[in-house]
Amino acid sequence: MRRVATTPRPDWHTTIGQQGLIYVDTELPDGEVMSYWDETAAYAFELDEVYRLEEATEELHRMAVTAAEHVVARNRYADFGIPDWAAEAVARSLREQPPTLYGRFDLAYDGSWPPKLLEYNADTPTSLVEAGIIQWFWLEDTHPDRDQWNSLHERLVETWHRIGKELHDPLVHVAWSNEEESGEDQMTAGYIAETARQAGLKAKLIPMLSIGWDGRRFRDAADQPITTCFKLYPWEWMLAEPYGRLAVEPGTPTTWIEPAWKLLLSNKALLAVLWELYPDHPYLLPAFLDSPRGMTEYVVKPLLGREGASVRIVTAAEEIANPGIYGAEGWCYQQFHALPEFSGNRVVLGSWVVGGESAGAGIRESTSLITDGYARFLPHYIDAPRPA
């Protein structure tokens with residue numbers, strides 16, 4: 001893996017907007033506008049390297065599912081901040097295995113082995129449009145003889161096709177929060193709906209706030225029953241709302257994608273459970289729920305929260321001065337592992353899982369040690385000829 005300087009395409013801003021990346025401009029705290037999409041550089045991978053990363057991704061996913069089964073078997077919901085009344089719904093969801101679509105691992109990887117798991121967003125991962133579509137068209141325009149670690153679109157369609165075989169009604173509602181102002185959630189939901197349509201299903205986009213309850217079931221604003229709903233809306237938010245209990249009631253005739261058990265995979269407590277079950281595994285970093293346990297440099301992560309929200313790095317000096325300053329409740333303490341640096345940029349590798357299989361990569365850069373809302377997305381390619 002290496003960073004390569006590249007020449008941006010003429011009128012690239014218009015091109016990516018037409019392809020669906022409408023949330024390209026990010027306003028910085030000083031008022032300047034930064035482009036989220038960056039094609040002044042790209043990352044090049046070796047083919048064998050991609051094969052190994054695919055294997056690592058699928059192994060991490062298997063480990064994560066095993067950890068979820070462990071949590072349910074040991075009744076450890078409190079460690080995840082899951083209310084008692086929702087525990088049986090999570091257990092039933094894992095037991096019955098309703099449809100699941102996708103997730104994204106965030107890995108620290110610099111080209112040397114092994115990659116390290118930072119977190120797993122298996123409920124509402126975004127950056128899907130740019131990973132699945134935008135960087136593929138960039139590759140077609142700039143490196144047509146090269147391949148890309150990117151089967152996201154094909155895997156999404158295949159997985160929807162498989163899901164569709166189990167549905168009694170081919171209509172899938174695709175919901176997002178229209179309170180998200182950048183347009184990213186809406187475009188991600190729109191792309192998910194399009195992949196469902198390409199799999200032969202009917203897809204209807206709706207804002208979450210338009211979903212209503214008629215006393216027996218959920219319905220959309222046109223009074224259509226919601227039988228299957230893909231929701232770009234975290235379970236942690238749903239459970240905190242008045243209709244959250246109804247959403248997980250066994251008699252409620254709505255299948256949610258992602259299912260309720262995915263709560264366990266998107267919660268940072270998963271990192272600590274993985275370390276318990278697989279101590280010293282090469283892909284994991286030490287992580288604990290009760291305290292830093294002697295780590296002098298560590299990252300404090302809230303159990304709940306999308307895309308690294310509220311993450312805090314604690315240095316050796318801070319820990320010595322204020323040991324255990326965050327208390328023992330509601331946090332995960334993960335050993336600090338600096339993001340790889342390329343040309344002054346900190347890099348996180350997003351490795352996608354669709355239908356339980358590795359499906360592609362997306363790379364984000366930041367000048368910060370924590371990948372936040374000011375990170376940039378850079379395309380990549382495999383430095384080997386594309387198969388005929």
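The values are calculated or read from the model by the stated rules, or taken from the named source; none is laboratory data. Since we're looking at a predicted model, the values are computed, not measured. All Cβ positions, glycine included, derive from the backbone under ideal geometry; neighbour counts span all protein chains shown.
Every condition in (1) outside any loop (DSSP other than H, G, I, E, B); (2) within 22 Å of the chain's Cα centre (by Cα) is met by Glu140 except one, and the failing one is (2).
On the given criteria, is Pro29 surrounded by fewer than 21 Cβ atoms within 10 Å (Cβ to Cβ), closer than 30 Å to Thr255 by Cβ and modelled with pLDDT under 95? Don't jump to the end; show me each part of the working.
Working: surrounded by fewer than 21 Cβ atoms within 10 Å (Cβ to Cβ): yes; closer than 30 Å to Thr255 by Cβ: no; modelled with pLDDT under 95: yes.
When the stated conditions are applied, Pro29 does not pass them.
When restricted to residues that are touching a strand residue (DSSP E or B) at 6+ places or on another chain (Cβ under 8 Å), over 29 Å from Ile192 (Cβ atoms) and assigned to a helix (DSSP H, G or I), the stretch 249-301 contains 2. Restricting attention to the stretch 66-83, does a residue exist that is at pLDDT below 95, surrounded by fewer than 17 Cβ atoms within 10 Å (Cβ to Cβ) and not small (Gly, Ala, Ser)? Yes, there is a match, as at least one residue in the stretch 66-83 is at pLDDT below 95, surrounded by fewer than 17 Cβ atoms within 10 Å (Cβ to Cβ) and not small (Gly, Ala, Ser).
Applying the criterion of being more than 27 Å from the chain's Cα centre (by Cα) and assigned to a strand (DSSP E or B) to the residues of the stretch 213-225, the residue that is surrounded by the most Cβ atoms within 10 Å (Cβ to Cβ) is Arg219. Anything in the stretch 341-357 that is in a strand (DSSP E or B) and either over 17 Å from Thr124 (Cβ atoms) or over 13 Å from the mean Cα position of the chain (by Cα) (or both)? List them, or say none. The answer is Glu341, Phe342, Asn345, Arg346, Val347, Val348, Leu349, Glu357. Helices (runs of 4 or more DSSP H) fully within the stretch 1-106 that include at least 3 residues being assigned by TED's automatic domain parsing to the domain that holds Leu167 and touching a Phe, Trp or Tyr at 6+ places or on another chain (Cβ under 7 Å): 47-73, 84-96.
Pairs meeting the criteria (first residue in the stretch 245-270 and surrounded by 21 or more Cβ atoms within 10 Å (Cβ to Cβ), second residue basic (Lys, Arg), beta carbons under 7 Å, at least 6 apart or on different chains) are Trp256/Lys231; Lys268/Lys301. Among all residues of the stretch 174-182, there is none that is surrounded by fewer than 20 Cβ atoms within 10 Å (Cβ to Cβ) and at pLDDT 95 or above. Candidates Thr195, Thr228: the one that is polar (S, T, N, Q), crowded, with 22+ Cβ neighbours inside 10 Å, under 18 Å from the mean Cα position of the chain (by Cα) and assigned by TED's automatic domain parsing to the domain that holds Ala89 is Thr195.
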